[in-house]
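The values are calculated or read from the model by the stated rules, or taken from the named source; none is laboratory data. Computed from a prediction, not measured in an experiment: that's the story for all the values here. Because the Cβ atoms are built from the backbone with ideal geometry, glycine has one as well, and the counts that use them run over all protein chains shown.
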Amino acid sequence: MKKTGILVTGAAGFIGSHVCEKLLNEGETVIGLDEMNDYYPLTNKKRNLAVLSSFPNFSFHRCDIRNLEQCEQALVGSKITKIAHIAARAGVRPSIKDPALYEEVNVKGSLNMLELGVKHQVENFVLTSSSSVYGNSKQIPFKENDSATDRPISPYAATKKASEALAFTYHHLYKLPMTVIRPFTVYGPRGRPDMAPWLFLDACINGKTINKFGDGETRRDYTFIEDFVSGFVNAINKPSDFEIFNLGNSATVSLNEAISIVEKTVGKKLEINQMEPQPGDVDLTNACIDNAKEKLGYNPQTSFEEGMAKFHSWFVQTSG
């Protein structure tokens, strides 16, 4: 008998593992794919998989989304009902150093997953994009129909926008039900070690020096992982024709404010190395979440201060 379930790519990663865990807790059967690359330590990804492996309705395959044949082989004996495509090469700054890698993984990889969606005639395909596609938009807060997404300012953002375009093409050609999710700086337990919330906590707790880029007035829409995942899983469970959703907190925090909150949370001052602004970084991210509220019942509740307190508790417990 074929195993019927939801395919989640990037299952061992930060967002992917949380999405898998919520789906599994809801009784779904989940088939996870992950390349297990070394963008950040594999120990983190193995720890995430250890959480998921406790569920009998979870299976995992290590494979590269750039290799369609390999992915198809991993899915022999499975019937995929929905796809949550989360796997990607992340990060604005690394994409400037190696744009070819980002194109291969984020564009070709997404194309391969769309092919799998058509082959399996899935009921819903959820594509994970990025708030980076908005670049330095002047329309605040960012709305899903903003034309600024046609002018990405980093290779990472460009690959995400290209994936969105491919998603619409496959919806148009094959009537593939399609939902595009644009996350806004998601953070929290099991977070990515390359992202500011993790870097700030680690530096503050362990007395390391942190690089601060620019004058600290850049602002981010930080979204706590539990809030984000509730919206994302609702998108999986509610197929749309073709829809794009911002999933953010819809409240901005400056870099200076974030540093202050981390210092207050940890109870120590950060050692700061002042740096010039980085190319490709945007000045502000701010999500308009009206569409997600209306159609997904999305309702983020966690302030950055509350979220960092929860993240700090997990961080100390895990590190200890």
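Values as computed for the structure displayed
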{"quantity": "In segment 195-225, residue surrounded by the most Cβ atoms within 10 Å (Cβ to Cβ) [restricted to those that are of a type in the set (Val, Ile, Thr) and either outside any loop (DSSP other than H, G, I, E, B) or out of contact with any strand residue (DSSP E or B) (no Cβ under 9 Å at 6 or more places or on another chain) (or both)]", "calculated": "Thr223"}
{"quantity": "Tally, over segment 276-315, of residues that are surrounded by fewer than 18 Cβ atoms within 10 Å (Cβ to Cβ), in contact with a helix residue (DSSP H, G or I) (Cβ under 7 Å, 6 or more places away or on another chain) and assigned to a helix (DSSP H, G or I)", "calculated": "2"}
{"quantity": "Residue satisfying all of: in segment 55-95; in contact with a helix residue (DSSP H, G or I) (Cβ under 6 Å, 6 or more places away or on another chain) and part of a helix (DSSP H, G or I); nearest to Leu176 (Cα to Cα) among these", "calculated": "Leu68"}
{"quantity": "Extreme residue, surrounded by the fewest Cβ atoms within 10 Å (Cβ to Cβ), among residues of segment 81-95 that are at pLDDT below 95 and aliphatic (A, V, I, L, M)", "calculated": "Val92"}
{"quantity": "Within segment 246-275, considering residues that are surrounded by 17 or more Cβ atoms within 10 Å (Cβ to Cβ) and outside any helix (DSSP H, G or I), the one modelled with the lowest pLDDT", "calculated": "Ser250"}
{"quantity": "Tally, over segment 175-196, of residues that are modelled with pLDDT of 95 or more, touching a Gly at 6+ places or on another chain (Cβ under 7 Å) and not aromatic (Phe, Trp, Tyr)", "calculated": "2"}
{"quantity": "In segment 50-83, residue nearest to Val126 (Cα to Cα) [restricted to those that are touching a residue at least 60 places away in the same chain (Cβ under 8 Å) and touching a Gly at 6+ places or on another chain (Cβ under 8 Å)]", "calculated": "Ile83"}
{"quantity": "Qualifying residue in segment 230-245 (condition: crowded, with 18+ Cβ neighbours inside 10 Å, at pLDDT 95 or above and assigned to a loop (DSSP other than H, G, I, E, B))", "calculated": "no"}
{"quantity": "Filter result for Ser137 (buried (at least 22 other Cβ atoms within 10 Å of the Cβ) and under 24 Å from Pro277 (Cβ atoms))", "calculated": "no"}
{"quantity": "Qualifying residue in segment 144-161 (condition: hydrophobic (A, V, I, L, M, F, W, C), surrounded by 20 or more Cβ atoms within 10 Å (Cβ to Cβ) and not in a strand (DSSP E or B))", "calculated": "yes"}
{"quantity": "Filter pass, Thr9 being buried (at least 21 other Cβ atoms within 10 Å of the Cβ) and among the polar types (S, T, N, Q)", "calculated": "yes"}
